[in-house]
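What follows is one structure encoded as structure tokens, with my remarks underneath.
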Amino acid sequence: MASLRLDDFLPDDGDVSGDALLGRFLDYTAGKGLALYPAQEEAILELLDEKNVILNTPTGSGKSLVASGMLFASLARGQRAVYTCPIKALVNEKWMTLCREFGADQVGLSTGDATVNRDAPILCCTAEVLANIALREGADAWVDNVVMDEFHWYADRDRGVAWQTPLLTLRQARFLLMSATLGDTAFFEQAITALTGRPTVTVKSADRPVPLEFAYHEIPLAHAEDTGAEMGDETGWVRRAVISKGHYEVGSREKEPCEAVRSMLRIVQINGTLVLGPRRKRRGGGHLPFRNTRSTGSGRRRSSTPRPMA
């Protein structure tokens, strides 16, 4: 059932109540072989109840599926939704994903590089594009629902204003704010509720459906190049290779992660101390010993050796 599209489940009987849309969305996820995690289910229920939602769950916990639920409800109710990301590459990726889920005629793209179907009922754009719309049109903007991915960028000194502006000016919109790295959200709950007139809830979970694994190795650095930790699962996928006291980690899908590590690292001796550094490619093949360069005040670059590892 991999060819299932979410727009195939849009109601044709005019029933766009929360219960009806939830049932159709669950039919879609079941057809995809997906079962919602508790945080996903809670967030989708709150969104279907017309609330603003701050979704603070770990990476890999399926926040994108919650966003799809909001976009599905927006499309079913004849509204317009905007999905923002901080980086153009992420916007392009999300645009292609949503085109597969909802159909290319329902999804538009707007970045500094390209504009495609800009007036579509679902628009994928960078945060700055939405901020410009919000500043130009404010409460008159055709924006009913907003998904802000990587919402922790709100605190960025240079670009945070692009996340702040829509919250202040798009009072008619409903927001889904998603991030894996948020602190206390009480301020946002109170402020967004006051600005939009809708209740705002935080859905938070520390459960990792895909758990992290850690390893620590006390191995003499002189032997580090011959040491790797292959950590795979039943599918044979390698999660990482760990080198020398966990100071250097390399993600790899290779069957022999040590070979991948050896191709990138080199043990060199500097003033009697062994250090670990990346290799540099020679012209025409081979590698050069690690050298690091940094800028000087005169604009010239000087070489420096890597610091010994602790």
Notebook entry, point to check: Rounded to two decimals, what is Rg over Rh for the range 49-99 when you use alpha-carbon atoms and the Kirkwood radius?
Noted result: 0.96
Margin query: If you split all Cα-Cα distances of the range 6-204 into 5 Å bins from zero, what percentages do you get per bin, shortest first?
Written below: 1, 8, 17, 21, 23, 17, 10, 3, 0, 0
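With a 10 Å radius around each residue's Cβ, average the other Cβ atoms per peptide and rank 203-209, 56-62, highest first.
Averaged packing, sorted descending, gives the order 56-62, 203-209.
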Next item on the list: Go through 12-24, 86-98, 120-132, 161-173 and give me the packing order, highest mean Cβ count within 10 Å leading.
Entry: 120-132, 161-173, 86-98, 12-24
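Each value in this text was obtained by applying a stated rule to the coordinates, not by laboratory testing. Bear in mind that the values here come from a model prediction, so they are computed numbers and not experimental data. Note that each Cβ is placed from the backbone with ideal geometry, even for glycine, and that neighbours are counted across all protein chains shown.
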